[in-house]
Structures are given as structure tokens and as C-alpha cells.
Amino acid sequence: VEPAAPITQYRERAGIIDLSWGHPHPDALDTRAWAGATADALVRHGWEALTYGYTAGPGPLLEWLGAHVGRTDARAATTSETFVTAGASHALELVTTLLTRPGDMVVVDSPTYHLAIRTLAGHEVEIVGAPSDEEGIDPDGTAGLIEAARRAGRRVPLLYLVPTYGNPTGRSLPSRRRAALVEAARRVGTRIVEDDTYRELGYGGEAPPSLWSLAPDGPVIRIGSLSKTVAPGVRLGWVNAAPELIRELTGIGYVESGGGVNHTAALTMAAFARSGGYDVHVAGLRRRYARQRDALVDALRTAAPPMPVPSPDGGWFVWLPLPDGVTARSLRTVAEKHGVSFVEGSVFFVRRGGERHVRLSFSLFDEDVLTEAGTRLGRALHRVTGTR
Ligand SMILES: Cc1ncc(COP(=O)(O)O)c(C=O)c1O
């Protein structure tokens, strides 16, 4: 007989605390509030909640998103600058479909979100890692790379990065580099796709202004997500871009055919936001994920041999540099014997790089489990460095 078909993407591995999943903590998924918002949306909008939706997304969500962006960033969005998608992944897929042709070159930060590389790779483009250092992407070096490709006759329509509480590094691009990168993109005529998925999950000060907010004249396309702040299962995200690009998105054949993406969930989200539930919920998430981060980081600092253990200001990931002579590959084998796992750093690079880093996600587990995971990884590190 066939095994039962699974419900979730997450798969438990017996005896292993698997820090590779960038998934929310189950208790952060508020089923009761979502049920209330669903009923509210259906009562308030009646049949309009269940029919084909306006192609850019339903008015109530476009309006809330536009104002909301103004509260979490340095600039609000108008409804004509906003398009509702089925998550940030879908936003990237749509924008890549619109802007690229087979054979184009696409530039990505190094390192960057590994599944964005996968998404781009589905478009027969050549993906090239941008020059970068400890502070993040190098604007001048990136402009030089794009100009050289242009001289060789290539089109370079887009540059993808996660500049705020990045996946995998947890770092944010410093202000002067933000300004320089926007300027460089303008100069070379390449659109920046700014993946702003983690903006609202900052644990210290304010998130820096987005690249999008710095460039009202349109070189930046920002993609947002409600997966980390509300729930990935509802599949909701958005694009902020110049009105012409938003119009092009609404004109994509399957959007015209199917109407607004995820219309009923989008109206439910608008109801959740209207109830005031969203803001309270996200404030609680920040406290939760800050505690989870601290549990993992403190345990590692206690249990590992002397080595730097960075504590990110936001997002869900610790990007851990490994001691001399230790590779992510060799550590993983030993770590799994100690009952803990992670993602090897090399998957976040297009070609080479990251062999001596690992990404640890602290989003999915309780603090006591994360303390145990950090302790196990510390022991594995002692084993591979021969210090115990
Ligand atoms: C940087 C980044 N972008 C996008 C996604 C996926 O977002 P969504 O669920 O909205 O497609 C993730 C999730 O891990 C992510 O880390």
C-alpha cells in the first residue's frame, strides 16, 4: 500500500533537530484569528469574496498594504504601485517571467536565498553571483560586472537580493551601499528585485529604509511576503513597483484568465488587518523569535569551542562561520551523528563559496529544543576541531 500522502512540506527526521527549515513556529500560526477573519470577510463581502477578483488584488488589501508599507518603511505605496501575489516566490516568478528572455544574464547577491536561485534557474537565464564582502553586495563591482556583460552583447535585466535581515546571513546592507546600489542600477539600467520578506521581523532597532523607498523613479521592484508574519499556507505576498510594471503584471495571460491571485485569502487578510489583529500578532512574533534566536546563540556560545557566533538583528537565520580547517560538509556528517542538522553554506552561492559556513534556522522550534540543538552542535564542533 502507498504511504499516506503528506499534508506539510516539513518532514521530521528521527533523532535529529533539523535547523535547515525556514518555517514558522507552529504556535505562531494563529488558526483562531484566521478563522475569525475568514468569517468576517465572507459576511462583509458576500458573493464578492468568492468570485473572480480584481486582477491587481482586491481593493481592501491593496489599500491596507499601501498604508502598511508606509508604516514599516520610509515610503507608502499607492494602490497603482501594488500587486497581490501568492507569496514572494510567486512574485519573483512573475517578475522574472516579465523581464527576462532566455539567454539573459541575471545577477544575484553572494550569498543569497538558495530557492530564489532555483526560481531564476527555471527561466533559462545565466545566473551570476555579484561581488560582495562582509558588508554585503559591492555596488561598484556589480555595476562593473553588468557593464562588462553589456559590452559583450548580453542583456542584464535584473539583479536580485535580500538586503534587509537577509537569508542566509541575517545581515542588512548599510545605508551608503543602499544609496550607491540604487544609483548604480540607474546608471547601468538594470532593475533591482528587492526581496523584503523579513523587514517586519527585526529584533532591535528599526529596519533600514528599503531600496524601493530610496528610488521613487522606478529602478527597484520590491517583493513582500505575508508568509513569515501571518502564515505561508495562505500564500500571500505582493509586488511594489512603478505603475507601468504593475499594469504589465495584471496583463499576464493567466492573471487575466484567473483574476486576482488568491482572491478569497486576500480579502481574509484584509479582514485580519482591519481587526487590528495583525499588528498585535507581529509584535508578539518579534518577541518570540528574538527569544528563540537567543536560545540558539547562547547555547552555541556556551557549548562550542571559542569562535565567533553572530546574533542577527532580524530574520530567522544564524550564518555561522566555521573554525579553520572545518568544512560544512565534514561538520554535517558529525553533527547528524550528534542529532542536529543545518544547511551547508555552499547552496547559497551560484558557483563556489560558502564551504566554510552553515545556516542555522531558529524559527521552527521551542527555546528548549534550540538550546539542545546549540549544545549538540557545540559538541560536534569540539569533535571536528579535536578540542574535546
Ligand atoms: C528571502 C526569502 N524570500 C522568499 C521566501 C519565500 O516566501 P513566500 O512563502 O512568500 O513565497 C523565503 C522563505 O524562506 C525567503 O527566505
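The values are calculated or read from the model by the stated rules, or taken from the named source; none is laboratory data. Please read these numbers as outputs of a predicted model, since none were measured by experiment. Positions of Cβ are backbone-derived with ideal geometry, glycine not excepted, and every protein chain shown enters the neighbour counts. All accessible areas refer to the heavy atoms of the entire protein, side chains included, with ligands and DNA or RNA removed. Shrake-Rupley method; radii C 1.70, N 1.55, O 1.52, S 1.80 Å.
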Handout entry: GLU256 versus GLU2: modelled label distance in nm, points set 7 Å from Cα along the beta carbon direction
Key = 3.7 nm
Fill in the blank from the handout: Lys and Arg at +1, Asp and Glu at -1: neighbours of TRP64 with Cβ under 15 Å from its Cβ sum to -3
Practice task
Provide ASP73, ASP133, ASP313 ordered by accessible surface of protein heavy atoms (probe 1.4 Å), highest first.
Solution key: ASP313, ASP133, ASP73
Completion exercise
As a Kirkwood estimate from alpha-carbon pairs, segment 258-388 has a hydrodynamic radius in angstrom of 16.6 Å
Completion exercise
Between the modelled labels at SER275 and ARG329 (7 Å from Cα along Cα→Cβ) the distance in nm is 5.0 nm
Practice task
Using Cα centres only, tell me the gap between segment 204-240 and segment 16-64 in whole Å.
Solution key: 17 Å
Practice task
Pairs of Cα atoms under 8 Å, at least six residues apart: use those to get the relative contact order of segment 94-154, whole percent.
Solution key: 33 percent
Fill in the blank from the handout: Order by accessible surface, 1.4 Å probe, largest leading, for residues THR164, THR78 comes to THR78, THR164
Handout entry: the chain: calculated mean residue ellipticity at 222 nm from DSSP helix runs of at least 4, using -39500 (n - 2.57)
Key = -13000 deg cm²/dmol
Fill in the blank from the handout: Yeah, segment 251-314 with a ≥ b ≥ c from its alpha-carbon gyration tensor (a/c under 1.5 is rounded, else prolate when a/b outruns b/c, oblate otherwise) is oblate
Fill in the blank from the handout: On the formula 1/(1 + (r/R0)^6), with r taken between the Cβ atoms of ARG118 and VAL43 and R0 of 41 Å, the FRET efficiency rounded to 0.05 is 0.50
Problem - Value of relative contact order over segment 184-241, rounded to a whole percent, pairs C-alpha under 8 Å and six or more apart - result: 34 percent
Problem - Relative pair counts by distance (%), Cα atoms of the chain, 10 Å bins - result: 5, 23, 31, 26, 13, 3, 0
Exercise for the section: Order the peptides 261-267, 54-60 from the highest to the lowest mean number of other Cβ atoms within 10 Å of their residues. Expected result: 261-267, 54-60
Practice task
From largest accessible area down, sort GLU12, GLU194, GLU81; use a 1.4 Å probe on the protein chains.
Solution key: GLU12, GLU81, GLU194
Handout entry: Around LEU214: net Lys/Arg minus Asp/Glu count, Cβ-Cβ under 12 Å
Key = +2
Practice task
Give the shape of segment 160-289 as rounded, prolate or oblate, defined through the alpha-carbon gyration tensor: a ≥ b ≥ c are the square roots of its eigenvalues, a/c under 1.5 means rounded, and otherwise the shape is prolate if a/b is larger than b/c and oblate if not.
Solution key: oblate
Completion exercise
Output for segment 91-140: GluC sites (Glu not before Pro) sitting in coil per DSSP, at most 15 other Cβ within 10 Å, listed by number, reads GLU124, GLU134, GLU135
Fill in the blank from the handout: Placing each pseudo-label 7 Å from Cα in the direction of the beta carbon, ARG301 and GLU126 end up separated by a distance in nanometres of 4.5 nm
Problem - Share antiparallel - DSSP beta bridges, segment 106-230, percent rounded to 5 - result: 10 percent
Practice task
On the full set of protein chains, 1.4 Å probe, figure out the accessible area of LEU98 and give it in Å² to the nearest 10.
Solution key: 50 Å²
Fill in the blank from the handout: Net charge (Lys, Arg +1; Asp, Glu -1) of residues whose beta-carbon lies under 11 Å from that of LEU377, LEU377 excluded, is +2
Exercise for the section: Grab the Cα-Cα distance for VAL369 and GLU12, subtract it from 0.36 nm times how many residues apart they are, and report the gain in nm with one decimal. Expected result: 127.1 nm
Handout entry: Exposure of SER132 as accessible area (Å², to 10), given a probe of 1.4 Å and all protein chains
Key = 50 Å²
Exercise for the section: Would you mind working out the magnitude of the charge dipole of segment 233-316 relative to its Cα centre, with +1 at each Lys and Arg C-beta and -1 at each Asp and Glu C-beta, to the nearest 20 Debye? Expected result: 400 debye
Exercise for the section: Write down the accessible area per residue of the chain in Å², having rolled a 1.4 Å probe over the full set of protein chains. Expected result: 43 Å²
Exercise for the section: Please report, as a whole percent, how much of the solvent-accessible surface of segment 292-388 comes from carbon and sulfur atoms (probe radius 1.4 Å). Expected result: 48 percent
Practice task
Note down the relative contact order for the chain as a percent, whole number, built from C-alpha pairs under 8 angstrom at least six residues apart.
Solution key: 23 percent
Practice task
Using only Cα atoms, locate the centre of segment 321-367 and the centre of segment 89-114, then give the distance between them in Å, rounded to an integer.
Solution key: 25 Å
Problem - Amide H contacts of ALA74 (H built 1.01 Å from N, under 5 Å, at least 5 apart or other chain) - result: SER210
Handout entry: Which of LEU320, PRO219, ALA266, positive extreme of dipole for segment 215-341 (C-beta unit charges)
Key = LEU320
Handout entry: Sequence ranges 140-150, 294-304, ranked by mean other-Cβ count within 10 angstrom, highest first
Key = 294-304, 140-150
Fill in the blank from the handout: The size of the Cβ-based charge dipole (Lys, Arg +1; Asp, Glu -1) of the chain about the Cα centre, to the nearest 20 debye, is 680 debye
Problem - LYS228 - accessible surface, heavy atoms, 1.4 Å probe, Å² rounded to 10 - result: 40 Å²
